[in-house]
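Notes follow the structure.
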Amino acid sequence: MLQHTLNTLLSFSLSSQCVGEENWVDSRTIYIGHKEPPPGTEAFIQQRFPDNRIVSSKYTFWNFIPKNMFEQFRRVANFYFLIIFLVQLMIDTPTSPITSGLPLFFVITVTAIKQGYEDWLRHKADNAVNQCPVHVVQHGKVVRKQSRKLRVGDVVLVKEDESFPCDLILLSSSRDDGTCYVTTASLDGESSHKTYYAVQDTKAYHTEQEVDSIHATIECEQPQPDLYKSLLSVFRPLGSENLLLRGATLKNTEYIYAVAIYTGMETKMALNYQSKSQKRSAVEKSMNAYLVVYLCILISKALINTVLKYVWQADPNRDEPWYNERTDLVRAFTDFLAFMVLFNYIIPVSMYVTVEMQKFLGSYFIMWDDEMFDEELGERAVVNTSDLNEELGQVEYVFTDKTGTLTENNMEFIECCVDGHCDLVPSYLIDSCPRVSAEHEELFFRALCLCHTVQVKEEETVDGIKHGIHQGKSTSFYISSSPDEVALVEGMKRWNFNVTAMLFVFCFLIRFELLEVLTFDSVRRRMSVIVRSSTGELYLFCKGADSSIFPRVISGKVDQVRARVEHNAVEGLRTLCVAYRPLSPEQYQEVCHLLSGAKLALQDRDKRLAEAYDLIEKDLILLGATAVEDRLQEKAADTIESLHKAGMKVWVLTGDKMETAAATCYASKLFRRNTQILELTTKRTEEQSLHDVLFDLSRTVLRHLSGDCTDYGLIIDGATLSAVMRPGQEDSNSGNYKEIFLEICRNCSAVLCCRMAPLQKAQIVKLIKASEEHPITLAIGDGANDVSMILEAHVGIGIMGKEGRQAVRNSDYAIPKFKHLKKMLLVHGHYYYIRISELVQYFFYKNVCFIFPQFLYQFFCGFSQQPLYDTAYLTLYNISFTSLPILLYSLIEQHINMDILKKDPSLYRDIAKNCLLRWPIFIYWTVLGVYDAIVMFFGAYFLFDNTTFTSNGQMFGNWTFGTLVFTVLVFTVTFKLALDTHYWTWINHFVIWGSLIFFVVFSLLWGGIIWPFLNYQRMYYVFMQMLSSGPAWLSIILLITASLLPDVVKKVIWRALWPTTTERIQVCAFIPYSLIKFASFCRVNINQHASSSVLQMSN
Amino acid sequence: MMASSYNAKDEDGHITVSGPGGGTLRSKKPENTAFKQQRLPAWQPILTAGTVLPAFFIIGLIFIPIGIGLYVTSNNIKEFEIDYTGVDMSSPCFNCSQNFSWNSTRPCTCTIPFYLDQPYENNVFMYYGLSNFYQNHRRYVKSRDDSQLNGDLESLMKPSKECEPYAYHENKPIAPCGAIANSMFNGEPVSCCAHQTHSSFHLYLICLFTSLADTLELFYNDPNGTKIQIPMTATGIAWWTDKHVKFRNPTDNANLTAVFQGTTKPVNWRRPVYELDTDPQNNGFINEDFIVWMRTAALPTFRKLYRIIPKKNSMVPTLLRGNYTLEVVYNYPVRSFEGRKRMILSTISWMGGKNPFLGIAYITVGSVCFFLGVVLLIIHHKYGNRNNSADIAN
């Protein structure tokens, strides 16, 4: 009987859907249990869906090599080296293809092995997932199937503690009310149990036979990745409360029946795993710019040599000396390529490998950091991407969330205010809490008890984050996605109010029946419940931010409450207003109608729901307000102060109301007593036009810009911001708003943006990012509402807070507490920046030193592309002789002690604006490289010039010449690094001296044997013969000294005459600890000097 | 200030206390090792004027004497050089250089008189020098087969393709193959005639009927008019390792003619490699003149050791002051590439031949260091104190 009605209902709803549906393709139709639609319905289009195989792996066994090669050679650098290698294979080249082939092969192989291994792990994981058994109802029986064979439309049986194999629509559950509990810990880290509802019409089907008999069609949107949004429709509207997502786990429910709607790669989880866009650091950008410069140098070198070669050959005597054969002019291009090959080492393959290794290995120091471990949470810092390590040292703007980031997000309910009677209620006053006999009082607390989405979790150990406080006797936790609610409910419990009845929200309570929940969202900033009391009265309880409640209130003691709320907000308390509205049955019917209409909508459902909510939540009667204290996180103020001193501009972006947020800002020292606050809020723009306010403010700011060092703080709210940002207004000067706004912001040391929607946060970040100076931005937050700005900013940092793991998952780095940001930026960021900039500069430098003598040699060998060094030296120079010291330097160098960096944040300014990778510095390094190369080459040249320098009169050949230059080269570049090293641990000693010894030993060995597999023995005894000559030793010492001299002198003189703050500190740190008093004097002086030098600069 | 400097200490202390006390929840706690916490004990030097100053003075004080020593040593070395290319009309070798033709059968000889104005003691080394000869040209440098030269029989018959176009001649492998060997400058002064003739069909190969090698002989003109040939030795002019390890005849068989059966001589050579010398220890690939030539020079102007004039006894100088005659068997053509040929007589010190560069460079670098040391001293006094001690006094 029931089934019959269902079927008719179904076909009706389907047809109506189809008629009304305009874009059919955007939705999919699913036949539960693969049953054909009843005859008579419209043309039945069989849609094809993928099977339930999850493929997270990139490669298969067969396509691994080609695909991986393709991916690797898509990188410009690898492609360049491949081209060089191919050129070497094709033309008559000066160096053997091995010299570039071997390093390239090495790099490619190592990367391929790493990626292959990772992919193999993914394959294993995929297989485990794809082959795990699922129970499927087929022909009235439960059949076990492998997960990957699941298809859309299959009816699945899931038992307790099993996770869902694909995205499912809940048909029925073992519970009578058709609900089930689910934890989505693996999806978003929220360990709370969420309640999901079975489809009303099918919730009575409890056995497989019954379920199998369902004939129904589901229409739903094509898959989309938004985890929290989904739009479905059967014959009755379905919402996210019916949709069980793959990856979530069934809890507290014996079994459920559900139908698969999205399978395999179309599940929300799989769609969400698609990678985020890659962020690239500023250092990487400068590195690429340098690469282009070097490529130009390389090409011009090759061109110069090619041209000169033919000029030189134009002399008839030189074109064809009888001892050598001639070259045609036609071969000029080949010559050009040959020169390219000869000089290609100037862009070394190993730089990429070293940089990648440095980033990968270096990021471990963040994870290992003991000081960034939080005892309370048991968490340490997490590095999601190591590509941005050095960007941490370049941050200019910090965008921080307030709640949970600056503050503990550990709420305590400390005050309630009913009708303007305010009770400050510390916990010890609970019993004496006066029960003002008032209807409103009763209603107020009832509202607090009912209007929330808190759940109680009993006894179990929570694997995720603990949301509630451990209760003394009964081990139960309150779990909610909103910490305010937990605080309120806990407060209620302490007041012995009727909370025990609240074990599960959404349950039918003793006295109240929960009819509808108008869930919270960040735009409305309120939530409501509609309940029916045991006496049959209907109420709507609404709770939300004052700004969203007051306009909807028609009666109640608004003024008193408002005064109180504002007072509390100034104190830095979080306030919520509570209101209610009695509903008549007719009104309730209307409400139901509105809601179901909105829920049924297939398109723009969110919008229509919001409209419906807007209509329902009106004509409220104000009950009172609550105040919840959210304490500042430990050392938050100290951290912000440090960031300020480090020259960063800190912006607080919060959804909170202005007063609360401003209070927090004062508490966290973002604003100080002497900070002049500029307000750009709706309140002001109501009085004046936005235009005037903006110009006013900019005038104020600019007036004081000269001379006066007044600190400005700006407060702006969401509404005004969107007015500022609104594009394309008719009057032409609106476009300037953004510019004026930016101008104001630039001159403010702190900015507070309150009343922000999540997307606005990202907008602000984007605005700053796109401004002229292109500053490096950092966004830090803990909640899902911060994700957008975390993704937008150059560096996104997640706090392992209480609002789930969304922020952490989307961030680049995650830290347990806000205070850890200080060490992250001031110490780790600073170090990484210093390290990687030295790495980049040094790599280019050492290759200039390496290749420039070879360039010079061409002038003395008839531009014949004769390499100066032996093949082994060419190949191993970057791989082994000079690679480890710089890698180690870039991992453990500490130019200043860690503690000093933390104590003196102003040091961070020393490296601001990518200053170590600016062009002057780059040119200095390059010039230094060229100078060294000239010294080495001509030193050896004059030594060899037409004479002997052995005591037995024998002569040396060209390979000895090259070896002499190379020996000086290896020692010089290693010593140069040694001079730059400020932190000599035993590892540095080991690696630096070790690689020099390795070079010597290798050279002895390489020249010591007639190598049977080589077709040339040009290096035989060359190194040893060279060392047997006294003048060779003397000239090696001389040339090394002469090469290093200018750099040392430059360093010393600069340090003496124009020291940077860093260098001053270094001198002080040099003084032993016993002279701490002395050191402290020194610090004072440093600060004085720093300020005086700043003044000089400005002059 | 005081407080802040102590804070760090406190934190340090805190870390060490809390580190080992791992409890239940500590699985994620990072290990508190010095390496992982980046607190390895380290030496932290900084380059300041104060620290660098002594180093500069020391370098200056060491380098300048070394430089002076080197310079004096270099100046004490006696060197005599004659260009016998014969570019000028007046030059005795002018005719030889002009008359050179690729197919002349008779060697041209010229005699160059010269005067040594000071006696040469100890061993005197005789070099031949070439200018504008690109022995370091890439295709020239690689045009050799080290396996063949090392006595590998397989390579003897199948020279490496690096030797092309001097690998095969008339379908016979060339021994020693390659351009370097082909262009050898000096050979043993054996006055014999051409063995064989070649008809040239290789366009780019020029067949020579004469040995290319120049031969140099030195005579002392006694004041009483007699001409005494100066005895010269050719042993020890090549590296010991080259002579004994790197270069080997295909077998130790004394009969080299049999060993090189089936190969042909380099096209520009007059005699095959096994007739370079009569001494079996200096014949074939291990001929020292050959080995010296095979070590390609670094620069286009170079000299190579030709002969050693051993000292007779400590009382008499090896070469007396007086008139000498250099007899040149002029074979080697250099005019085509504007090359020059020289003969050099030189004594040798511990630091080799005459080369003032090293001495001058040492003196220069030493003085620069010393000068910089003084400059730094001034800077250090003027500014270094300002940074540190002066302010403390305030």
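The values are calculated or read from the model by the stated rules, or taken from the named source; none is laboratory data. The structure presented is a predicted model; accordingly, all values stated were derived computationally and were not measured. Positions of Cβ are generated from backbone atoms using ideal geometry, with glycine treated the same way; all protein chains shown enter the neighbour counts. Ligands, DNA and RNA are stripped out before the accessible areas are found, and what is left, the full protein with its side chains, is counted by its heavy atoms. Shrake-Rupley method; radii C 1.70, N 1.55, O 1.52, S 1.80 Å.
Scanning segment A:34-46 finds one or more residues that are in a helix (DSSP H, G or I), modelled with pLDDT under 75 and closer than 30 Å to A:D154 by Cα. Restrict the check to segment A:858-876 and report whether at least one residue is under 33 Å from the mean Cα position of the chain (by Cα) and either assigned to a helix (DSSP H, G or I) or under 30 Å from A:A338 (Cβ atoms) (or both). Looking for residues that are under 33 Å from the mean Cα position of the chain (by Cα) and either assigned to a helix (DSSP H, G or I) or under 30 Å from A:A338 (Cβ atoms) (or both), one finds none in segment A:858-876, hence no.
For segment B:148-184, a residue qualifies if it is assigned to a loop (DSSP other than H, G, I, E, B) and over 16 Å from B:G262 (Cβ atoms), and the qualifying residues are B:N150, B:S160, B:E164, B:P165, B:Y166, B:G178, B:S183, B:M184. A residue that is among the aliphatic types (A, V, I, L, M) and open to solvent by less than 10 Å² (accessible area, probe 1.4 Å) cannot be found anywhere in segment B:88-98.
Might you check whether a residue that is of a type in the set (K, R) and in contact with a Phe, Trp or Tyr (Cβ under 8 Å, 6 or more places away or on another chain) occurs anywhere in segment B:320-327? It would help to see each step written out before you state the result.
The initial filter retains those residues of segment B:320-327 that are of a type in the set (K, R), namely B:321.
Applying the additional criterion that residues be in contact with a Phe, Trp or Tyr (Cβ under 8 Å, 6 or more places away or on another chain) yields none.
The answer is no, given that none of the residues of segment B:320-327 is of a type in the set (K, R) and in contact with a Phe, Trp or Tyr (Cβ under 8 Å, 6 or more places away or on another chain).
Which members of segment A:359-384 meet the condition of being open to solvent by less than 30 Å² (accessible area, probe 1.4 Å) and away from chain B (no Cβ under 14 Å)? Give the steps one after another, and end with the answer.
Our first condition is that a residue be open to solvent by less than 30 Å² (accessible area, probe 1.4 Å); within segment A:359-384, this holds for A:359, A:362-363, A:365-366, A:369-370, A:372-374, A:378-379, A:381, A:383.
If the condition is that a residue be open to solvent by less than 30 Å² (accessible area, probe 1.4 Å) and away from chain B (no Cβ under 14 Å), then A:K359 is the only one that fits.
Restricted to segment A:166-178, and to residues there that are of a type outside the set (G, A, S) and open to solvent by 10 Å² or more (accessible area, probe 1.4 Å), the residue that is modelled with the highest pLDDT is A:R175.
Conditions tested, residue by residue: (1) more than 22 Å from A:W925 (Cβ to Cβ); (2) buried (at least 23 other Cβ atoms within 10 Å of the Cβ).
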{"position": "A:R835", "(1), (2)": "no, yes"}
{"position": "A:Y845", "(1), (2)": "no, yes"}
{"position": "A:C849", "(1), (2)": "no, yes"}
{"position": "A:L856", "(1), (2)": "no, no"}
{"position": "A:Q866", "(1), (2)": "yes, yes"}
{"position": "A:T871", "(1), (2)": "yes, no"}
{"position": "A:I879", "(1), (2)": "no, no"}
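Filtered by the rule that a residue be within 11 Å of chain A (Cβ to nearest Cβ), surrounded by fewer than 21 Cβ atoms within 10 Å (Cβ to Cβ), of a type outside the set (A, V, I, L, M, F, W, C) and part of a helix (DSSP H, G or I), segment B:240-296 gives B:T241, B:H244.
Among the conditions (1) at pLDDT below 90; (2) within 13 Å of chain A (Cβ to nearest Cβ), the only one that B:C96 does not satisfy is (2). Restricting segment A:50-72 to residues that are over 18 Å from A:Y117 (Cβ atoms) and touching a residue at least 24 places away in the same chain (Cβ under 8 Å) leaves a set whose member that is surrounded by the most Cβ atoms within 10 Å (Cβ to Cβ) is A:N52.
Quick check, is A:P133 free of Cβ contacts under 8 Å to residues at least 60 places away in the same chain and touching a strand residue (DSSP E or B) at 6+ places or on another chain (Cβ under 9 Å)? Taking the combined requirement at face value, the residue satisfies it.
Going through segment B:335-362 one residue at a time, which ones are under 24 Å from the mean Cα position of the chain (by Cα), touching a residue at least 12 places away in the same chain (Cβ under 8 Å) and in a helix (DSSP H, G or I)?
Applying the first criterion (under 24 Å from the mean Cα position of the chain (by Cα)) to segment B:335-362 yields B:337-362.
This time we only want the ones that are touching a residue at least 12 places away in the same chain (Cβ under 8 Å), so: B:337-351, B:353-356, B:358-362.
Result: B:F337, B:P356, B:L358, B:G359, B:I360, B:A361, B:Y362.
Within segment A:116-169, the residues that satisfy the criterion of being part of a loop (DSSP other than H, G, I, E, B) and of a type outside the set (D, E, K, R) are A:C132, A:H139, A:G140, A:L150, A:V152, A:G153, A:F164, A:P165, A:C166. Being surrounded by fewer than 21 Cβ atoms within 10 Å (Cβ to Cβ) and either modelled with pLDDT under 90 or out of contact with any His (no Cβ under 6 Å at 6 or more places or on another chain) (or both) holds for only one residue in B:F371, B:F357, and it is B:F371.
Helices (runs of 4 or more DSSP H) fully within segment A:617-733 that include at least 1 residues being modelled with pLDDT of 80 or more and either touching a Gly at 6+ places or on another chain (Cβ under 8 Å) or within 29 Å of A:G783 (Cα to Cα) (or both): A:636-645, A:658-667, A:718-725.
Here's the yes/no breakdown for (1) crowded, with 17+ Cβ neighbours inside 10 Å; (2) modelled with pLDDT of 60 or more; (3) over 28 Å from A:G404 (Cα atoms); (4) in contact with a strand residue (DSSP E or B) (Cβ under 9 Å, 6 or more places away or on another chain):
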| residue | (1), (2), (3), (4) |
| --- | --- |
| A:V505 | yes, no, no, yes |
| A:E513 | no, yes, yes, yes |
| A:V517 | yes, yes, no, yes |
| A:S522 | no, yes, no, no |
| A:L538 | yes, yes, yes, yes |
| A:K543 | yes, yes, no, yes |
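Among residues that are under 19 Å from the mean Cα position of the chain (by Cα) and open to solvent by 20 Å² or more (accessible area, probe 1.4 Å), A:E356 is included. Flag: A:M1019 matches the condition of being open to solvent by less than 20 Å² (accessible area, probe 1.4 Å) and either within 30 Å of B:Y140 (Cα to Cα) or without any contact (Cβ under 8 Å) to a residue 60 or more places away in the chain (or both). Considering the conditions (1) closer than 30 Å to A:G647 by Cβ; (2) more than 14 Å from chain B (Cβ to nearest Cβ); (3) open to solvent by less than 10 Å² (accessible area, probe 1.4 Å), A:L977 is excluded by exactly one of them, (2). Is it the case that A:F990 is of a type in the set (F, W, Y), assigned to a helix (DSSP H, G or I) and more than 7 Å from every other protein chain (Cβ to nearest Cβ)? Criteria met by A:F990. For A:S951, the conditions (1) at the interface with chain B (Cβ under 9 Å from one of its Cβ atoms); (2) buried (at least 23 other Cβ atoms within 10 Å of the Cβ) are fulfilled apart from (2). Taking the listed residues A:A185, A:A112, A:A128, the one that is at pLDDT 85 or above and of a type in the set (G, A, S) is A:A112, with no other qualifying. Among the residues making up segment A:1029-1044, those that are open to solvent by 10 Å² or more (accessible area, probe 1.4 Å) and facing another protein chain (nearest Cβ under 7 Å) are A:G1030, A:L1034, A:T1041, A:A1042. The numbered conditions (1) open to solvent by 10 Å² or more (accessible area, probe 1.4 Å); (2) more than 19 Å from B:R295 (Cβ to Cβ); (3) touching a helix residue (DSSP H, G or I) at 6+ places or on another chain (Cβ under 9 Å); (4) β-branched (V, I, T) are all true for A:I1010 except (2).
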